[in-house]
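Asker: Below are the structure tokens for one structure; questions will follow.
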There are 4 protein chains.
Amino acid sequence: MDKLKIGILGASGYTGADLMRLLAEHSHADLQVLTANSHAGKPLGEVYPHLARLGLPDLIKNEDADWSALDVVFCGLPHGTSQEVIATLPESVKVIDLSADFRLRNVDTYATWYGHEHRAPELQPSAVYGLTEHYRDDIKDARLVACPGCYPTAALLLLLPLMKAGQIYPEDLIIDAKSGVTGAGRSLKEQNLFSEVADALHPYGVASHRHAPEIEQELSVAAGTDVLVNFTPHLIPMNRGEFLSVYAKLGAGADARSVRETLKSAYADEPFVQVAEEGVIPATRHVRGSNYVIVAANEDRLPGRVILFSTLDNLVKGSSGQAVQNMNVMFGFDETLGLTQQPMFP
Amino acid sequence: MDKLKIGILGASGYTGADLMRLLAEHSHADLQVLTANSHAGKPLGEVYPHLARLGLPDLIKNEDADWSALDVVFCGLPHGTSQEVIATLPESVKVIDLSADFRLRNVDTYATWYGHEHRAPELQPSAVYGLTEHYRDDIKDARLVACPGCYPTAALLLLLPLMKAGQIYPEDLIIDAKSGVTGAGRSLKEQNLFSEVADALHPYGVASHRHAPEIEQELSVAAGTDVLVNFTPHLIPMNRGEFLSVYAKLGAGADARSVRETLKSAYADEPFVQVAEEGVIPATRHVRGSNYVIVAANEDRLPGRVILFSTLDNLVKGSSGQAVQNMNVMFGFDETLGLTQQPMFP
Amino acid sequence: MDKLKIGILGASGYTGADLMRLLAEHSHADLQVLTANSHAGKPLGEVYPHLARLGLPDLIKNEDADWSALDVVFCGLPHGTSQEVIATLPESVKVIDLSADFRLRNVDTYATWYGHEHRAPELQPSAVYGLTEHYRDDIKDARLVACPGCYPTAALLLLLPLMKAGQIYPEDLIIDAKSGVTGAGRSLKEQNLFSEVADALHPYGVASHRHAPEIEQELSVAAGTDVLVNFTPHLIPMNRGEFLSVYAKLGAGADARSVRETLKSAYADEPFVQVAEEGVIPATRHVRGSNYVIVAANEDRLPGRVILFSTLDNLVKGSSGQAVQNMNVMFGFDETLGLTQQPMFP
Amino acid sequence: MDKLKIGILGASGYTGADLMRLLAEHSHADLQVLTANSHAGKPLGEVYPHLARLGLPDLIKNEDADWSALDVVFCGLPHGTSQEVIATLPESVKVIDLSADFRLRNVDTYATWYGHEHRAPELQPSAVYGLTEHYRDDIKDARLVACPGCYPTAALLLLLPLMKAGQIYPEDLIIDAKSGVTGAGRSLKEQNLFSEVADALHPYGVASHRHAPEIEQELSVAAGTDVLVNFTPHLIPMNRGEFLSVYAKLGAGADARSVRETLKSAYADEPFVQVAEEGVIPATRHVRGSNYVIVAANEDRLPGRVILFSTLDNLVKGSSGQAVQNMNVMFGFDETLGLTQQPMFP
């Protein structure tokens, strides 16, 4: 079988790096174009020495790439820019966007949370929300897939089946999230310096994080009513990994066991989603570097409530891994191709 | 003025080490007895090289100490053992217990959560709960002070004034806690090995942590009704520091601003409790190594709710620092003596 | 082609875990027996939750395994025990030993450094030193391969070609080594607790580390004279990775450039050994999680000397990865099978 | 006694922050001026929340400060700028420079290593090298003290007495150094991002670090001959701490014991320098956050050589602490004033 001709827009970020790491193990991937405007002209090994041996093409500018020869492009550009650049790509190229630019179905919601008008509103209606396990059929036929944010991926894989089944109540949903520092990308900000982050922790984006409306959008569809969530992320001194502790009200007749069973039956055939057995507590190290997600349900001492957990690697299932999974769906490959690497522990 | 003659029972734990670090800067402290049964006979510098230069006495066995010559004893023994040993101390010696042994007023609650009958029930009624800011007058005259657990200290300094003032509602209180690894002490457990903890995180003690009943005991007093809380702690790859994110229902007429004002007026004269201004997000690094606590209130997007934060250093205000603060109260010293070290950042 | 039937003796250590991680991606590996005496009877997922999904057999005792049905056994038992157990294995089973038990050709040297008489001296003469790149031909035909220690692997891949070529002088060789904490294994020792190691560093095994005689043994062969080295390892607060800074006297006519060229020509056809270009400084993160080694030569300001670097992942090329590489050689597979995973960064 | 009126030039760096932390415990310090050109106008608590409670003045621009009212100024500006600004200060103000600008006695050497002509050559002759233990008498009467770099402090406290006593040989001196990330300051560089540094290590400034000529300058004076050293620093994933492993040739008749005795007699009366007993291995955690230095000598298996260690906290004894120590000397205070904080471990 022929290999896919692949490009990466914005290859110098951490998601770009992890895409290349994963695609190196993908038997049908041929990386032909890597762009990174601020590093154009450099060999990849200068920006990412750990990938130097892969023999990949040098980094070039977005505008210098020949997109027409490609089958698919991953886009890892900043929000706003992604919309602009994707709008210029030839129709023949499929697009898997890892940015936030096409995740919100309502362009007004986008404008409210991202601070500027949508720059490719004509593309938005055709964009498919790329939460693979829940939109697989749509992804199959999509030209433009908007991969979910890392937090929404963890939250929705946990909550969508429960909301749909009425196992949890759409009000008073509290999502306390913890993330490693790669979630902030490779950009130069004081708050991401080692000495600011190490041996310390703090919340950020309190009641204002842009992943909240994304979570709410999908939960509202599932609940059939507008859902508002408390979403409070915290920065943890670790490289990778994301952990959500969700405090929810049980639906009528539900308990931790029925919640667990609902999750098990929703994901029985899914290769990447695992439901922890009763009493087993997930940890970020159980999925580090892999495309796996673990979800769990625990009894709460508070009556009528349940404690839910969800953990994934923000750079893999929360970003590049899910993007590759979507590529596999879009091109008819085995969905696990390139994604079977087991977690790395320690 | 004469110096206090001080002993430490169980000096080889991390709380013992931090007690010695703090008391080295206390102008009225004279450490005369250090016990550590498993290290008896060793110079302190062999167990804690960083304290070798202090010229402190060698470690001895509990049973070899002459307690009668001392003014005050800090007790850092494991639960159960603390009760047994404290019961044997001469009445003339004041006792500041850092273990969990005298925190729960009801010995039946103790038995339920700690798995054995209380071993000094006759002492329990005279024990004063050592949350300095809220029990200062009782501590002044106490012979036996039971210092609160690290999590309860962080939780109660935040929540007691709010509960008393009706600013928050006593139901549906969710306390998502994060702690550095020193909270687990220096004991040899696989889950505390560097390679298990580093670059990773996980919850523990889900719906079963022993600090929950302690928090509930004090909140119930404040609320005038039985309070049950969701308390879910997480282990974070850092040495020191504790951070509580509390999700609460606002009382009638309350909002984030009134909550903040309630905290400010409660702690206006307190040297160690600080209330963050609107929009200022606390972080564990803002208190690392110090006896300070920072509490904060933020608006929630969910109507009728508020997001609360509390952070402290678990080994200082959460343990050894508060113990020294209590000693200062018990002996009529300036309450800040030995506790003015500023946080160490980075 | 049939799959190899494989056993792991001592599967509950970190090297065991990384063996399973790597073999999961090996198309010809079938793990049939996993032993771990202290965890016998447990499912693997209880000891290593991150590997739970692989469907591997439960852990059993060494003495309960049926070895005769296997093709090859990896041995990760403690030193001394490895000798005892390997001596009982059927002759038909090939053995790849990851312990130190068969690395030293001279059983008296073994006794001196390991504190007890060799327990299988009759096997020692047939053991092949498993430094793949330098003993490939012997490994092909070996029944018992003694995989080098992690530090010796890093040191010898760097120094053997240089010593053989007279590019460095066999005296005054100083090897300052730095290692992540997984090098110490999963055993319960105070010095491996998170709070002892994090945000700190110290040397250990100063002038007494057991990897010194192993390095000396192989360098002596290459130099044709007895070589003594200064080997000073340091414990670094990271999970994986090993970095050697070697300070050497240049041989007659040699300089940093000729040293680099010697390394390049020695490893021109090697898939896992890379020689850094002039001015490129290696880092542990460039090899994390992979079987790659990077070696480098830099000019020293001291005349007649050269600064050499070598870095690898101690659990992969320094242990489990090299073991799999040796298995590939012993059974005629492509040497890179199961070992093509790229480094994980960040 | 009156308090000293103190200013800090460049207060927004990590050394500025640690100066403020230390001076908060100094009974004769009154911080009156804090400059930080890029943060001018901000309250200190906005830049360093952990110091917000100290009630210090707001940050202002260098040019807006009234220097004439001050007794002493600490200067933490970048190299080059320090020279320019210090040259403008009134003669009545004593200056303690923490930058590299006045450390090299020879302005040509400065130009060679720092890439520009010295901008205050007229001041250089009067500058005293501020290695307190070795230049105490000169510091007493100095107006301008040039505090040593962090690495030179660790290296020279270890090596100066040995070089003077002929215990080590001035050739072939190899200094393998390891440092925490605060050594790189708070500036925004990709290589200092958490995700680049965490769980990893690498050397930097190989054969080109600017602290080498500084070490050589002082060793040459001690040896009475030009000394060249190999100085190879490595970046370690920790906040604070510096560790030097020095590999030296023993002088005639010397051995590890005589080296240790030489160090002990050199530092017998020094409050901050400690010599480790035989067999005791120093660690960065033994000095973290404190002004102490530990030096040690160990036997090498290589004949005629010795293994030396030196460790300190780069922000304290390696920078701000030594600066305060020098202030104490310059103004006739007890040298330990404000510097008695014990190390913080864990």
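The values are calculated or read from the model by the stated rules, or taken from the named source; none is laboratory data. The structure displayed is predicted, hence computed values, not measured ones. Here the Cβ positions follow ideal geometry from the backbone for every residue, glycine too, while neighbour counts run over all protein chains shown. Ligands, DNA and RNA are stripped out before the accessible areas are found, and what is left, the full protein with its side chains, is counted by its heavy atoms. Shrake-Rupley method; radii C 1.70, N 1.55, O 1.52, S 1.80 Å.
Asker: What are the residues in region B:22-43 that are open to solvent by less than 30 Å² (accessible area, probe 1.4 Å) and assigned to a strand (DSSP E or B), if any? Give the derivation first.
Answerer: If we filter region B:22-43 for residues that are open to solvent by less than 30 Å² (accessible area, probe 1.4 Å), which is where we start, we get B:22-23, B:26, B:29, B:31, B:33-36.
Those that are open to solvent by less than 30 Å² (accessible area, probe 1.4 Å) and assigned to a strand (DSSP E or B): B:29, B:31, B:33, B:34, B:35.
Asker: Then there's this: With touching a Ser or Thr at 6+ places or on another chain (Cβ under 6 Å) and under 25 Å from residue A:313 (Cβ atoms) as the only criterion, which of A:48, A:14 stands out?
Answerer: Working: A:48 fails: touching a Ser or Thr at 6+ places or on another chain (Cβ under 6 Å).
Going through A:48, A:14 in turn, just one is touching a Ser or Thr at 6+ places or on another chain (Cβ under 6 Å) and under 25 Å from residue A:313 (Cβ atoms): A:14.
Asker: Which condition number in (1) in contact with a helix residue (DSSP H, G or I) (Cβ under 6 Å, 6 or more places away or on another chain); (2) facing another protein chain (nearest Cβ under 10 Å); (3) among the acidic types (Asp, Glu) is the one that residue B:176 fails?
Answerer: The one condition residue B:176 does not meet is (1).
Asker: Follow-up question, since we're still on this one. Which numbered condition in (1) surrounded by fewer than 17 Cβ atoms within 10 Å (Cβ to Cβ); (2) more than 23 Å from residue D:293 (Cβ to Cβ); (3) not aliphatic (A, V, I, L, M) is the only one that residue D:137 fails?
Answerer: (2)
Asker: State yes or no: is residue C:87 under 19 Å from residue C:8 (Cβ atoms) and either small (Gly, Ala, Ser) or open to solvent by less than 20 Å² (accessible area, probe 1.4 Å) (or both)? Give the derivation first.
Answerer: Numbers: under 19 Å from residue C:8 (Cβ atoms): yes; either small (Gly, Ala, Ser) or open to solvent by less than 20 Å² (accessible area, probe 1.4 Å) (or both): yes.
So residue C:87 passes the test.
Asker: OK, next. Here's a check for you: in region C:325-346, which residue that is away from every other protein chain (no Cβ under 14 Å) and in contact with a Leu (Cβ under 8 Å, 6 or more places away or on another chain) is most open to solvent (accessible area, probe 1.4 Å)?
Answerer: Here the residue is C:331.
Asker: Give A:219, A:228 a once-over and let me know the one that is facing chain B (nearest Cβ under 8 Å) and over 28 Å from residue C:199 (Cα atoms).
Answerer: Numbers: A:219 fails: facing chain B (nearest Cβ under 8 Å).
Matching residue, one of A:219, A:228: A:228.
Asker: Another question, if that's okay. Does region A:13-40 hold any residues that are out of contact with any strand residue (DSSP E or B) (no Cβ under 7 Å at 6 or more places or on another chain) and over 27 Å from residue C:337 (Cβ atoms), and which are they?
Answerer: Answer for region A:13-40, where residues must be out of contact with any strand residue (DSSP E or B) (no Cβ under 7 Å at 6 or more places or on another chain) and over 27 Å from residue C:337 (Cβ atoms): A:13, A:14, A:15, A:37, A:38.
Asker: Also, quick follow-up: For residue A:92, state whether it is touching a helix residue (DSSP H, G or I) at 6+ places or on another chain (Cβ under 8 Å), among the hydroxyl-bearing types (Ser, Thr, Tyr), part of a loop (DSSP other than H, G, I, E, B) and under 26 Å from residue A:312 (Cβ atoms).
Answerer: Details: touching a helix residue (DSSP H, G or I) at 6+ places or on another chain (Cβ under 8 Å): yes; among the hydroxyl-bearing types (Ser, Thr, Tyr): yes; part of a loop (DSSP other than H, G, I, E, B): yes; under 26 Å from residue A:312 (Cβ atoms): no.
The answer is no for residue A:92.
Asker: Being more than 23 Å from residue A:222 (Cα to Cα) and among the acidic types (Asp, Glu) is the filter; apply it to region A:104-132 and report the residue that is surrounded by the fewest Cβ atoms within 10 Å (Cβ to Cβ).
Answerer: Within region A:104-132, the match that is surrounded by the fewest Cβ atoms within 10 Å (Cβ to Cβ) is A:122.
Asker: Can you work out which of the residues in region A:55-84 that are among the polar types (S, T, N, Q) and out of contact with any strand residue (DSSP E or B) (no Cβ under 6 Å at 6 or more places or on another chain) is farthest from residue A:210 (Cα to Cα)?
Answerer: In this case the residue turns out to be A:68.
Asker: Shifting gears a bit: Return yes when residue B:93 is over 30 Å from residue B:212 (Cα atoms), among the hydrophobic types (A, V, I, L, M, F, W, C), open to solvent by less than 40 Å² (accessible area, probe 1.4 Å) and at pLDDT 95 or above and no when it is not. Can you show your working first?
Answerer: On the way: over 30 Å from residue B:212 (Cα atoms): yes; among the hydrophobic types (A, V, I, L, M, F, W, C): yes; open to solvent by less than 40 Å² (accessible area, probe 1.4 Å): yes; at pLDDT 95 or above: yes.
So residue B:93 fits the description; yes.
Asker: Also, quick follow-up: Return yes or no: is residue B:257 among the basic types (Lys, Arg), farther than 28 Å from residue B:207 by Cβ, open to solvent by 30 Å² or more (accessible area, probe 1.4 Å) and within 11 Å of another protein chain (Cβ to nearest Cβ)?
Answerer: On the way: among the basic types (Lys, Arg): yes; farther than 28 Å from residue B:207 by Cβ: yes; open to solvent by 30 Å² or more (accessible area, probe 1.4 Å): yes; within 11 Å of another protein chain (Cβ to nearest Cβ): no.
It is false that residue B:257 is among the basic types (Lys, Arg), farther than 28 Å from residue B:207 by Cβ, open to solvent by 30 Å² or more (accessible area, probe 1.4 Å) and within 11 Å of another protein chain (Cβ to nearest Cβ).
Asker: In addition: Among the residues of region A:297-310, is any more than 10 Å from chain B (Cβ to nearest Cβ) and open to solvent by 10 Å² or more (accessible area, probe 1.4 Å)?
Answerer: No, every residue in region A:297-310 fails to be more than 10 Å from chain B (Cβ to nearest Cβ) and open to solvent by 10 Å² or more (accessible area, probe 1.4 Å).
Asker: To continue, here is another question. Report yes if some residue within region A:58-73 is within 14 Å of chain C (Cβ to nearest Cβ), crowded, with 20+ Cβ neighbours inside 10 Å and not in a strand (DSSP E or B); otherwise report no. Please lay out each step first, then the result.
Answerer: Let us first name the residues in region A:58-73 that are within 14 Å of chain C (Cβ to nearest Cβ), namely none.
Scanning region A:58-73, I find no residue that is within 14 Å of chain C (Cβ to nearest Cβ), crowded, with 20+ Cβ neighbours inside 10 Å and not in a strand (DSSP E or B), so the answer is no.
Asker: Name every residue in region B:22-43 that is at the interface with chain D (Cβ under 10 Å from one of its Cβ atoms) and closer than 16 Å to residue D:286 by Cα, in order of residue number.
Answerer: B:22, B:24
One line per residue, one yes/no per condition, for (1) outside any strand (DSSP E or B); (2) more than 11 Å from chain A (Cβ to nearest Cβ):
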position: C:8; (1), (2): no, yes
position: C:11; (1), (2): yes, yes
position: C:20; (1), (2): yes, no
position: C:45; (1), (2): yes, no
position: C:52; (1), (2): yes, no
position: C:85; (1), (2): yes, yes
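Asker: Next question. Considering only residues that are modelled with pLDDT under 95 and open to solvent by less than 30 Å² (accessible area, probe 1.4 Å), which ones fall in region B:173-216?
Answerer: B:185
Asker: Scan region A:30-58 and report the pairs whose first residue is among the aromatic types (Phe, Trp, Tyr) and whose second residue is part of a helix (DSSP H, G or I), with Cβ atoms within less than 6 Å and a gap of 6+ or a chain change.
Answerer: Final answer for the pair search is A:48/A:17.
Asker: Being of a type outside the set (Val, Ile, Thr) and farther than 22 Å from residue A:280 by Cα is the filter here, so list the residues in region C:1-17 that pass it.
Answerer: Looking only at region C:1-17, we keep the residues that are of a type outside the set (Val, Ile, Thr), and these are C:1-5, C:7, C:9-14, C:16-17.
Across region C:1-17, the qualifying residues are C:1, C:2, C:3, C:4, C:5, C:7, C:9, C:10, C:16.
Asker: How do the pairs read when you match residues in region A:286-302 that are in contact (Cβ under 8 Å) with a residue 60 or more places away in the chain with residues anywhere that are of a type in the set (Lys, Arg) and assigned to a strand (DSSP E or B), using Cβ under 6 Å and keeping only pairs 6 or more apart or on different chains?
Answerer: Between residues of region A:286-302 that are in contact (Cβ under 8 Å) with a residue 60 or more places away in the chain and residues that are of a type in the set (Lys, Arg) and assigned to a strand (DSSP E or B), there is no close pair.
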